[in-house]
1. Report whether or not Glu55 is under 23 Å from Met1 (Cα atoms), surrounded by 12 or more Cβ atoms within 10 Å (Cβ to Cβ) and at pLDDT 95 or above.
2. Among the helices (runs of 4 or more DSSP H) confined wholly to the chain, which include 3 or more residues that are in contact with a Phe, Trp or Tyr (Cβ under 7 Å, 6 or more places away or on another chain)?
3. List every residue pair whose Cβ atoms sit under 6 Å apart, with the two residues 6 or more apart in sequence or on different chains, where the first one lies in segment 66-78 and is on the phi > 0 side of the Ramachandran plot and the second, anywhere, is at pLDDT 90 or above and part of a strand (DSSP E or B).
4. Could you give every pair whose Cβ atoms fall below 9 Å, whose first residue belongs to segment 10-28 and is of a type in the set (S, T, N, Q), and whose second residue is surrounded by fewer than 19 Cβ atoms within 10 Å (Cβ to Cβ) and in a helix (DSSP H, G or I), counting only separations of at least 6 or pairs across chains?
5. Looking at segment 42-52, which of its residues are touching a residue at least 24 places away in the same chain (Cβ under 8 Å) and surrounded by fewer than 15 Cβ atoms within 10 Å (Cβ to Cβ)?
Amino acid sequence: MRWEPDVPRWRQVYDVMRERIVDGTYAPEQQLPSVVAICGEFGISQMTARRVLKELRQEGLAYMQPGLGTFVTELPQPSDS
């Protein structure tokens, strides 16, 4: 990944993962990559990866199941009206 110097790394990784949720790369109820997997993919620290997952949960895009991991939330479908 090419890092933008003026944007925090957690935010850049968050943006990538958020886009993957929105575009369906990570399907509803699918388990997201672990902290270790995120670290490996993006070359970031565990603390930074935890921040990414925390921000996804705070936005309502993901939820945690203790002992199991973090999963994608079912996103509301746009209405036709």
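The values are calculated or read from the model by the stated rules, or taken from the named source; none is laboratory data. Because the structure is a prediction, the values reported are computed rather than measured. Every residue, glycine as well, gets a Cβ built from its backbone with ideal geometry; the counts of neighbours run over all protein chains shown.
1. Considered against the rule, which asks whether it is under 23 Å from Met1 (Cα atoms), surrounded by 12 or more Cβ atoms within 10 Å (Cβ to Cβ) and at pLDDT 95 or above, Glu55 comes out as yes.
2. Result: 9-22, 46-58.
3. From segment 66-78, the pairs are Gly69/Gln31.
4. These pairs meet every condition: Thr25/Glu19.
5. Gly43
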